[in-house]
Amino acid sequence: MNRLFTSEFVSFGHPDKIADQISDLVLDLYLAKDSESRVAVETLVTENRVVIAGEVTSKAAITRETIDEGVRKLINAIGYNSPELGFCGNTVSIEQHIHRQSPDIAMGVDSSSTKEQGAGDQGIMFGYATNETYNFIPLTLDIAKSLIYKVEEILLNSIVSKEKGYNDDRIFPKWIRPDAKSQVTIEYDEDWNPVRIHTIVLSVQHDDTVDIDTVRDFLTEHVIIPVVNDAKDKYTSLENRPLDDIIIYINPTGKFVIGGPAGDTGLTGRKIIIDTYGGRAPHGGGAFSGKDPSKVDRSAAYAARHIAKNIVAAGIADEITLQLAYCIGIAQPVSICVNAKNPKFSQDKIVECIKTLWDLTPAGIIKKFNLKRPMYITTVNGFDGMEEIVFGKIFSGHPWENLDMVDDIKKYFNI
């Protein structure tokens, strides 16, 4: 019996994603000056206001003015650069409520000559990979991301075109605004093989000067058709049906003018499913953004993704879901659990492989992926290994997306 599965994605101009990026901006500012900084920062954005709160312990002296300046530049770069949008980097009110990390937490995390660095908290993290796509994420999420990436590319080109005085709305629409969401439903057969694209939902914020037919025609021609055709070219198992056979909703309410923080409050960590696997795998509940790598919510989730992706890429299974669990102050994970689809070896054997080939202590993870550096603002798009556009620059992936352990895994299993 066939079934339907759906994943969503949002743009970097969505309120929750703005909050994530501001939290990671603060983290990056501290790591740039002190790689040992301990940071746990949350952000709230609403109307024309940003509230930053959290704990920081660092030798770096980052002033309030430095953080304010970085936040304003970030908001403007995202595209909120005009007061008429209701949220603007030039005029936004910024509050900061940052204090030092609890010494009780630091005591469990800090390493010494007699104690290995422990986990920054208890918690469970999941890693996942599937051979359903070339980048080992679910096809629903892959297509949902591709739709938003295309919208973001158009938005960034539109911002540049305004600065340079271009006037061709057919290519650089001046009406496009930064907030956008996509949702993709795929029909799968009973063995979870993708059969066809069933439904696409795309909502893109726009100026009040444009009519809905123009918005829908433009997004169909420049976003949906190219992404759908690319998916059909790459994944031949998808039935090559005409676009009319796909249920498509573009700005289904008929109007999306008030968006971003002017229309919806944003909070750090409220898009954790988007940040991971689009709902196809469990989630331990911990957010990534604003946390330094001593927090295993972030670093161990990266390690779990790396493990799952390399195991599937090595051909050990068609799909892997991996759970890691940690205890505050304890270096080694307290449990490792694997659930594999069509595994070539027992799941116990796969767990033993993981224990042999990966150092899953916080210090080991941090060292392998070089996590004590200012790079977290580039993690806005979550896991996928795709080339990404981050504020107008091409960014080609993170170390936890590298397929650098495939040969070691094959050697371990003698294949």
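Keeping to segment 378-414, report how many residues are of a type outside the set (Asp, Glu), surrounded by 14 or more Cβ atoms within 10 Å (Cβ to Cβ) and at pLDDT below 50.
Qualifying residue count for the region: 4.
Yes/no per residue for (1) among the hydrophobic types (A, V, I, L, M, F, W, C); (2) under 18 Å from residue 287 (Cβ atoms):
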site: 12; (1), (2): yes, yes
site: 78; (1), (2): yes, no
site: 86; (1), (2): no, no
site: 98; (1), (2): yes, yes
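Can you tell me which condition residue 205 does not meet? The list is (1) closer than 30 Å to residue 3 by Cα; (2) modelled with pLDDT of 95 or more, and all the others hold.
Of (1) closer than 30 Å to residue 3 by Cα; (2) modelled with pLDDT of 95 or more, only one is false for residue 205: (1).
Could you list, ordered by first residue, the pairs with Cβ atoms under 7 Å in which the first is in segment 176-187 and farther than 19 Å from residue 212 by Cα and the second is among the small types (Gly, Ala, Ser) and assigned to a strand (DSSP E or B), at least 6 apart or interchain?
From residues that are farther than 19 Å from residue 212 by Cα, the pairs are 184/7.
Consider residue 182 carefully, then state whether it is crowded, with 16+ Cβ neighbours inside 10 Å, in contact with a helix residue (DSSP H, G or I) (Cβ under 8 Å, 6 or more places away or on another chain), modelled with pLDDT of 95 or more and under 24 Å from residue 12 (Cβ atoms).
Here the answer is yes, as residue 182 does meet what is asked.
Just the residues that are touching a residue at least 12 places away in the same chain (Cβ under 8 Å) and among the small types (Gly, Ala, Ser), please, taken from segment 54-100.
Within segment 54-100, 54, 58, 60, 61, 70, 77, 79, 86, 89, 93 qualify.
Looking for whichever is buried (at least 22 other Cβ atoms within 10 Å of the Cβ) and touching a residue at least 12 places away in the same chain (Cβ under 8 Å) here; the options are 336, 328, 365, 272. Which one fits?
Going through 336, 328, 365, 272 in turn, just one is buried (at least 22 other Cβ atoms within 10 Å of the Cβ) and touching a residue at least 12 places away in the same chain (Cβ under 8 Å): 365.
Scanning segment 281-306 for residues that are more than 15 Å from the chain's Cα centre (by Cα) and either charged (D, E, K, R) or over 19 Å from residue 119 (Cα atoms) (or both), which turns out surrounded by the fewest Cβ atoms within 10 Å (Cβ to Cβ)?
The selected residue is 282.
The values are calculated or read from the model by the stated rules, or taken from the named source; none is laboratory data. As the structure is a computational prediction, the values presented were derived from the model and not from experiment. Counting neighbours? That spans all protein chains shown, and the Cβs are built from the backbone with ideal geometry, glycine included.
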